[in-house]
Ligand code: SF4
């Protein structure tokens, strides 16, 4: 699982990745999960929230909440943006 203690923590992306993220964090990303549409905060005061993308990628498994300031991963999509697919 992404961000688990079983990783060797030798690469910057692994070190900056939190359990519950959908993929490895991008170390030099300017955005944080707080700005991602998959970060499922129930209010503006939430500090941690479930990543809906991670939940979708691991059906049937419980995912941990991700802190607001985690660096984004490759699945980042800004909030309030219409997906073009
Ligand atoms: S950037 Fe978005 S998809 Fe990636 S871990 Fe953060 S909330 Fe999840």
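The values are calculated or read from the model by the stated rules, or taken from the named source; none is laboratory data. All values reported here derive from a predicted model rather than from experimental measurement. Virtual Cβ from ideal backbone geometry, glycine too; neighbours counted across all protein chains shown.
Scan the stretch 14-31 for residues that are within 10 Å of residue 70 (Cα to Cα), in contact with a helix residue (DSSP H, G or I) (Cβ under 8 Å, 6 or more places away or on another chain) and surrounded by 14 or more Cβ atoms within 10 Å (Cβ to Cβ) and jot them down.
Hits for the stretch 14-31 are 21, 25, 26.
Scan the stretch 32-47 residue by residue and report those that are more than 22 Å from residue 11 (Cα to Cα) and either in a helix (DSSP H, G or I) or within 9 Å of the ligand (Cβ to nearest atom) (or both). Give the steps one after another, and end with the answer.
Of the residues in the stretch 32-47, the ones more than 22 Å from residue 11 (Cα to Cα) are 34-47.
Answer for the stretch 32-47, where residues must be more than 22 Å from residue 11 (Cα to Cα) and either in a helix (DSSP H, G or I) or within 9 Å of the ligand (Cβ to nearest atom) (or both): 34, 35, 36, 37, 38, 39, 40.
Report, by residue number, each residue of the stretch 50-67 that is farther than 18 Å from residue 15 by Cβ and within 9 Å of the chain's Cα centre (by Cα). Write out each step before concluding.
From the stretch 50-67, those farther than 18 Å from residue 15 by Cβ are 50-63, 65; that's our starting set.
Hits for the stretch 50-67 are 50, 51, 52, 53, 54, 65.
In the stretch 69-80, what residues are assigned to a loop (DSSP other than H, G, I, E, B), loosely packed, with under 15 Cβ neighbours inside 10 Å and within 12 Å of the ligand (Cβ to nearest atom)?
In the first step, residues of the stretch 69-80 are kept if they are assigned to a loop (DSSP other than H, G, I, E, B); the result is 69-70, 72, 74-77, 79-80.
Narrowing the set further to residues that are loosely packed, with under 15 Cβ neighbours inside 10 Å leaves 69, 74, 77, 79-80.
Correct list: 69, 74, 77, 79.
Somewhere in the stretch 48-67, is a residue near the ligand (Cβ under 7 Å from one of its atoms), surrounded by 19 or more Cβ atoms within 10 Å (Cβ to Cβ) and part of a loop (DSSP other than H, G, I, E, B)?
Checked against the condition, which is being near the ligand (Cβ under 7 Å from one of its atoms), surrounded by 19 or more Cβ atoms within 10 Å (Cβ to Cβ) and part of a loop (DSSP other than H, G, I, E, B), the stretch 48-67 yields no hits at all.
Do we find that residue 29 is in contact with a strand residue (DSSP E or B) (Cβ under 9 Å, 6 or more places away or on another chain), at pLDDT 95 or above and within 10 Å of the ligand (Cβ to nearest atom) in this structure?
No; evaluated as a whole, the condition is false for this residue.
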